[in-house]
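The values are calculated or read from the model by the stated rules, or taken from the named source; none is laboratory data. Just so it is clear, the structure is predicted and the values come from calculations on it, not from any experiment. All Cβ positions, even for glycine, are placed from backbone atoms using ideal geometry, and neighbour counts span all protein chains on display. Remember, those area values only see protein heavy atoms, side chains included, never the ligands or the DNA or RNA. Shrake-Rupley method; radii C 1.70, N 1.55, O 1.52, S 1.80 Å.
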Amino acid sequence: MKSPLTVATPANQQRKFASMGLRYFLLAGMTVVFIAACGESKPPAAASAPAAAPAPATAAPDVPSAGSTTPPAEPAPSVAAPVEPKNLAARKLDPEKIKRGEVVYRTNCANCHGPNGEGTPGWRNPGADGRYPPPPLDGTAHAWHHSTETLERMIRVGSPADIGGMPAWDGKLTNQQIDDVIVWIKSLWPDEVHDIWHKEIENKP
């Protein structure tokens, strides 16, 4: 009778100790995981703080960049103003021809090509009749792709009837008027455009 009790008691105690050890082990493991989880939660918070800091930093340059786009708009008009005198000197365009050419243009050409040679809106697309509207003459279209001789011929003869509506001005304008209006048109071209035209078209080797 005594031997079974003495044998059973140590077994029960071992089981209790084992279960208690297992509980402690699980509690310790959960504690470690919990601490580790808390420790990991801090770095993202610290990382999110720097991430929030760059947002104002990038927002701040946006304000200057918006302001910086305004200053370039101001120099554009100021650059356009001195272009004419510079062109007269560099291009050797006769100021008197330019003045006369402007009068000829405004009297005979502005209705179609615009008061400042800006052309008709949608000039790149043919109309319902298949003909192209009058293009710009201010250097933004293809007028500068032609030599002085070709421009003169186009003014005299006009455009082919199936392509455009440019009338023939031969007999309506004098040779002097045609020459003057071409000089005025050239005075509208930006320096870069005129330089390319002069080297690669007018004086093509």
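Out of the range 167-193, which residues are aliphatic (A, V, I, L, M) and either at pLDDT below 95 or farther than 25 Å from residue 128 by Cα (or both)? 173, 178, 181, 182, 183, 185, 188, 193, listed by residue number. Checking each residue in the range 121-133 for being in contact with a Ser or Thr (Cβ under 9 Å, 6 or more places away or on another chain), in a loop (DSSP other than H, G, I, E, B) and either in contact (Cβ under 8 Å) with a residue 40 or more places away in the chain or open to solvent by 40 Å² or more (accessible area, probe 1.4 Å) (or both) picks out only 131.
Of the residues making up the range 167-199, those that are charged (D, E, K, R), open to solvent by 40 Å² or more (accessible area, probe 1.4 Å) and under 28 Å from the mean Cα position of the chain (by Cα) are 191, 192, 195. Contact map, the range 139-165: residues that are within 13 Å of residue 182 (Cα to Cα) and part of a helix (DSSP H, G or I) paired with residues that are open to solvent by 30 Å² or more (accessible area, probe 1.4 Å) and modelled with pLDDT of 95 or more, Cβ distance under 6 Å, separation 6+ or inter-chain. Pairs shown: 155/169; 156/170.
Could you list all residues from the range 144-165 that are among the hydrophobic types (A, V, I, L, M, F, W, C) and either touching an Asp or Glu at 6+ places or on another chain (Cβ under 8 Å) or open to solvent by less than 70 Å² (accessible area, probe 1.4 Å) (or both)?
144, 151, 155, 157
Step by step: first the residues of the range 79-111, then only those that are in contact with a Ser or Thr (Cβ under 7 Å, 6 or more places away or on another chain) and either outside any helix (DSSP H, G or I) or modelled with pLDDT of 60 or more (or both), then the one that is surrounded by the fewest Cβ atoms within 10 Å (Cβ to Cβ). Which residue is that? Per the criteria, the residue is 93.
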